[in-house]
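Colleague: First the structure, which I've put down as structure tokens, then a few questions once you've had a look.
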Amino acid sequence: MVATLFAYFALNKLHIDVRVGKVLALIFFLVLLSAVGYGLGFLINRTVRDLPEIAEKAIPSVLEYARSKDQTAI
């Protein structure tokens, strides 16, 4: 709902007072929306590819840190 209201607001602010102003604003908005969609897809793809490598390095170090803290409490 918020995204829809923001899109409506953006289209109203992009309105140009010429005959084809609404069409130009709509085309500009669609290009901008496509760029954001592409960026989001790229980010998700990159995350899916890199997350296993990050987890492979991070989980053992977190477990080692937890074990070291547990031994100092005893």
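The values are calculated or read from the model by the stated rules, or taken from the named source; none is laboratory data. Since this is a predicted model, take the numbers as computed values, not measurements. Please note: Cβ atoms are built from the backbone with ideal geometry, for glycine as well, and neighbour counts cover all protein chains shown.
Colleague: Go over the candidates Val36, Val2, Val23, Val18 one by one and state the one that is out of contact with any Asp or Glu (no Cβ under 8 Å at 6 or more places or on another chain) and at pLDDT 85 or above.
Modeller: None of the others qualify; the one that does is Val36.
Colleague: Let me ask something else. Every residue in the stretch 17-56 that is surrounded by 10 or more Cβ atoms within 10 Å (Cβ to Cβ), of a type in the set (D, E, K, R) and under 27 Å from the mean Cα position of the chain (by Cα), please.
Modeller: Arg46, Asp50
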